[in-house]
Amino acid sequence: MNQLDPLARLVRYYILESTTAAGSGHPTTSMSATDLTVGLLFGGVFKADLNDPSNVNNDRLIFSKGHAAPLLYALYGAAGRLTEEELLDLRKFGSPLEGHPTMAFPYTESATGSLGQGLSIGIGMAMNAKYVDELPYRTYVLTGDSELAEGSIWEALQIGAHYELDNIVAIADVNRLGQRGETLYGHDVEAVRRRIAAFGWETIVIDGHDLDAVVQAFETALTVKGKPVYIIARTLKGKGVPFLEDKNGWHGKAAMGDDSVKAIAALGDVDRSLRGTVAKPETREASRSVPVRQGDEKEIAYSVGDSVATRRAYGDALVRIFPKHPNMVVLDAEVSNSTYSDAFQAAYPDRFFEMFVAEQNMVGTALGFSRRGKKPFVSTFAAFLTRAFDQIRMSQYSNANITFAGSHAGVSIGEDGASQMGLEDLGMFRAVNGSAVLYPSDAASADKLVEETAKRTGVAYIRTTRMATPVLYDANETFPIGGSKTVRESDHDAVTVIGAGVTLHEALAAYDELDQEGITIRVIDLYSVKPVDVATLRKAAEDTQALLTVEDHYPEGGIGEAVRSAFDGIPATIYSLAVRRIARTGKPEELLDYVEISRSAIAKKVREIVNGA
């Protein structure tokens, strides 16, 4: 009998006991991967100091199949890090042993549960080890066979091969059964192997319940150079309990009552005093080898009146702030010459990572970097970030520290047409708990806001504009997150117009037009869409007849709704101009008129408000 067999039996016992106590959970999918993970953690390959989960030298283990959380907790029970009593708190309110892994459990590398994301996160951790910290730790990712249908898995496979990540090992737990029946390829492990191998990964096929073969596979993976490794294991759902093994209808279902008694008995003798040992890692210091170019740390002096696109200012700001924030990495989805992150690539190529047109994997990879202490700046067109919203949404549960930059937003991009006009992005990022959503109107504010997000911890979004716009502010202006700028104001303003980005410039043009008619308006630059400057907005509502928001965004979730959030329970008259129709190809000024957010549309609406129309 393999010396790991008793440990595997103990882990299965913990899985059954904890899920029965909870009355819910996923015991059978946890049991299928038990031998794989027991062989990894306790077979001498995995190296970690369990007294220090944050140790930079620890190997990392990500449960991409997050519903196998009972297995994760059982493993650390077998390692002596959780008592049996603590394991019985699975899924109880206040317990760190949540239904899917979260950061409440100290050995969780990243929150998982939305299938198909763990491999991308692991890619980020492996890239960090190989190219940034230059540390020998290895990253292991446990994936299920159902999630192999997710496109983000295949995006991650491509990038892992491209960057020759020979420090990552993925494990496919091919147990044949998903939630409602057989998976796409069932037990055809050769079909799975061929597809993964075609993406440039070394593949090893094993019987996932042969512990000797499991340990040998992980030892073999250590010898592979120049490419990542995927271990493809044929397993049985519910392994260890004959009446559960390979049986449909048990997904997400705990064994209760007599079934629980029978299941425990089927395991045979369980040594509940047994504990496994995890090998200790070597001690190495993370590399800090990137030289900083002289002069990059100097402030960028934009001249008021110059015409500069905020997307260009974003790229230049990345270069400027890097000397003060050397933990930065920059990722882009093959549009760096449009987002202008290529300025950073030219200055610091060792900290720039081309992620190609695979936005879901880019966001997951950024989260992997973030979990290893880096500050990723992630850029692409605003419209294309929408396809990665699940990854963005999930990142909040992993305490992500990432700045996203979406360029080419709104109808003002012009001739590229409606499919390219990000018009949902502000609402998307506002919906992320604790996020900051920023929309600079000129290069000076864009520069400062990039730095503000570098100093801040959490998810932040910066919306940049394709077209060049006049610089409004000098280098002495500050732009704290949660603030705003009142750029036109008098003691007899009739209406307050609130804009950001291109619509602020339209509002300023409308100001000049209305001023000729004797109508004075207040103009506010709402560069911080979340959090909003509540005090300034409420004062404007007191001082003027009404507020008018203008945005190059759909009305749902955008600036208008952000402003209204500042008046919860407080009466205020608020009107909104937003994109309320599908745009089309045209020049920016034509499109601003077409969707009625232009200077003329603003002036028209102000006249209506003033005249009571």
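Taking residues in the stretch 339-360 that are at positive phi, and partners anywhere that are aliphatic (A, V, I, L, M) and surrounded by 22 or more Cβ atoms within 10 Å (Cβ to Cβ), the pairs with Cβ atoms closer than 9 Å and at least 6 places apart or on different chains are Y340/A313; Y340/L318; F356/I159; F356/A333; F356/M362.
Quick grid of which residues meet (1) in the same structural domain as Y230 (by TED's automatic domain parsing); (2) in contact (Cβ under 8 Å) with a residue 40 or more places away in the chain; (3) out of contact with any Cys (no Cβ under 7 Å at 6 or more places or on another chain); (4) of a type in the set (K, R):
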residue	(1), (2), (3), (4)
T102	yes, yes, yes, no
L119	yes, yes, yes, no
M125	yes, yes, yes, no
R138	yes, yes, yes, yes
L142	yes, yes, yes, no
A149	yes, no, yes, no
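Going through (1) in contact with an Asp or Glu (Cβ under 8 Å, 6 or more places away or on another chain); (2) of a type outside the set (F, W, Y); (3) closer than 23 Å to G151 by Cα one by one, T469 falls short only on (3).
Only one of A233, A198, A213, A301 is at pLDDT below 95 and either touching a strand residue (DSSP E or B) at 6+ places or on another chain (Cβ under 6 Å) or among the aliphatic types (A, V, I, L, M) (or both); which?
Working: A233 fails: at pLDDT below 95; A198 fails: at pLDDT below 95; A213 fails: at pLDDT below 95.
Testing whether each residue is at pLDDT below 95 and either touching a strand residue (DSSP E or B) at 6+ places or on another chain (Cβ under 6 Å) or among the aliphatic types (A, V, I, L, M) (or both) leaves just A301.
Please go through the stretch 231-240 and pick out each residue that is part of a loop (DSSP other than H, G, I, E, B) and either charged (D, E, K, R) or crowded, with 24+ Cβ neighbours inside 10 Å (or both). Can you show your working first?
Of the stretch 231-240, the ones part of a loop (DSSP other than H, G, I, E, B) are 235-240.
Once the filter is applied, which keeps residues that are part of a loop (DSSP other than H, G, I, E, B) and either charged (D, E, K, R) or crowded, with 24+ Cβ neighbours inside 10 Å (or both), the stretch 231-240 yields T235, K237, G238, K239, G240.
Looking at L135, is it of a type in the set (A, V, I, L, M), surrounded by fewer than 24 Cβ atoms within 10 Å (Cβ to Cβ) and in contact with a His (Cβ under 9 Å, 6 or more places away or on another chain)? No, not satisfied. Give the residues of the stretch 141-200 that are assigned to a strand (DSSP E or B) and among the acidic types (D, E), sorted by residue number. Across the stretch 141-200, the qualifying residues are D173, E182. Does the stretch 320-333 contain at least one residue that is assigned to a loop (DSSP other than H, G, I, E, B), within 20 Å of L385 (Cα to Cα), touching a residue at least 40 places away in the same chain (Cβ under 8 Å) and out of contact with any Gly (no Cβ under 6 Å at 6 or more places or on another chain)? For the stretch 320-333, residues assigned to a loop (DSSP other than H, G, I, E, B), within 20 Å of L385 (Cα to Cα), touching a residue at least 40 places away in the same chain (Cβ under 8 Å) and out of contact with any Gly (no Cβ under 6 Å at 6 or more places or on another chain): present.
The combined condition, being at pLDDT 95 or above, within 25 Å of A161 (Cα to Cα), not assigned by TED's automatic domain parsing to the domain that holds E551 and not in a strand (DSSP E or B), is fulfilled by A346. Every listed requirement among (1) touching a residue at least 40 places away in the same chain (Cβ under 8 Å); (2) in contact with a strand residue (DSSP E or B) (Cβ under 7 Å, 6 or more places away or on another chain) is met by T203 save one, (1). Helices (runs of 4 or more DSSP H) fully within the stretch 1-85 that include at least 3 residues being touching a Ser or Thr at 6+ places or on another chain (Cβ under 7 Å) and in the same structural domain as V141 (by TED's automatic domain parsing): 5-22, 69-78.
T223 meets each of the listed conditions (1) out of contact with any strand residue (DSSP E or B) (no Cβ under 7 Å at 6 or more places or on another chain); (2) surrounded by 17 or more Cβ atoms within 10 Å (Cβ to Cβ); (3) polar (S, T, N, Q) apart from (2).
Taking every residue in the stretch 45-58 that is surrounded by fewer than 20 Cβ atoms within 10 Å (Cβ to Cβ) and pairing it with any residue that is part of a strand (DSSP E or B) and among the small types (G, A, S), at least 6 positions away or on another chain, the pairs with Cβ-Cβ distances below 9 Å are K47/A279.
Just to be sure, is A388 among the small types (G, A, S) and either closer than 26 Å to D533 by Cα or crowded, with 21+ Cβ neighbours inside 10 Å (or both)?
Working: among the small types (G, A, S): yes; either closer than 26 Å to D533 by Cα or crowded, with 21+ Cβ neighbours inside 10 Å (or both): yes.
For A388, the condition - among the small types (G, A, S) and either closer than 26 Å to D533 by Cα or crowded, with 21+ Cβ neighbours inside 10 Å (or both) - is met.
Report, by residue number, each residue of the stretch 248-268 that is surrounded by fewer than 15 Cβ atoms within 10 Å (Cβ to Cβ) and in contact (Cβ under 8 Å) with a residue 60 or more places away in the chain. Across the stretch 248-268, the qualifying residues are N248, G252, M256, G268. Of note, E561 does not satisfy the criterion of being at pLDDT 95 or above and closer than 16 Å to H505 by Cα.
Of all the numbered requirements in (1) closer than 16 Å to Q117 by Cα; (2) in contact with an Asp or Glu (Cβ under 8 Å, 6 or more places away or on another chain), T365 misses one, and that requirement is (2).
Considering the stretch 361-385 alone, what residues qualify as being farther than 20 Å from R463 by Cβ and part of a helix (DSSP H, G or I)?
Restricting attention to the stretch 361-385, the residues satisfying the condition of being farther than 20 Å from R463 by Cβ are 361, 364-365, 367-374.
Within the stretch 361-385, N361, G364, T365, L367, G368, F369, S370, R371 qualify.
Being polar (S, T, N, Q), touching a residue at least 24 places away in the same chain (Cβ under 8 Å), outside any helix (DSSP H, G or I) and touching an Asp or Glu at 6+ places or on another chain (Cβ under 6 Å) is the requirement here; does S303 meet it? The answer is no for S303.
Does G178 fit the bill of being more than 23 Å from S30 (Cβ to Cβ) and either crowded, with 16+ Cβ neighbours inside 10 Å or modelled with pLDDT of 95 or more (or both)? So that I can check it myself, show each step before the final result.
Values: more than 23 Å from S30 (Cβ to Cβ): no; either crowded, with 16+ Cβ neighbours inside 10 Å or modelled with pLDDT of 95 or more (or both): yes.
So G178 fails the test.
Return yes when V329 is within 30 Å of Y137 (Cα to Cα) and not aromatic (F, W, Y) and no when it is not. So V329 passes the test. Within the stretch 594-611, being of a type outside the set (A, V, I, L, M) and either outside any helix (DSSP H, G or I) or more than 8 Å from A510 (Cα to Cα) (or both) holds for Y594, E596, S598, K604, K605, R607, E608, N611.
The values are calculated or read from the model by the stated rules, or taken from the named source; none is laboratory data. In this text the structure is predicted, and so the values were computed from the model without any measurement. Heads up, the Cβs are rebuilt from the backbone with ideal geometry, glycines too, and the neighbour counts pull from every protein chain shown.
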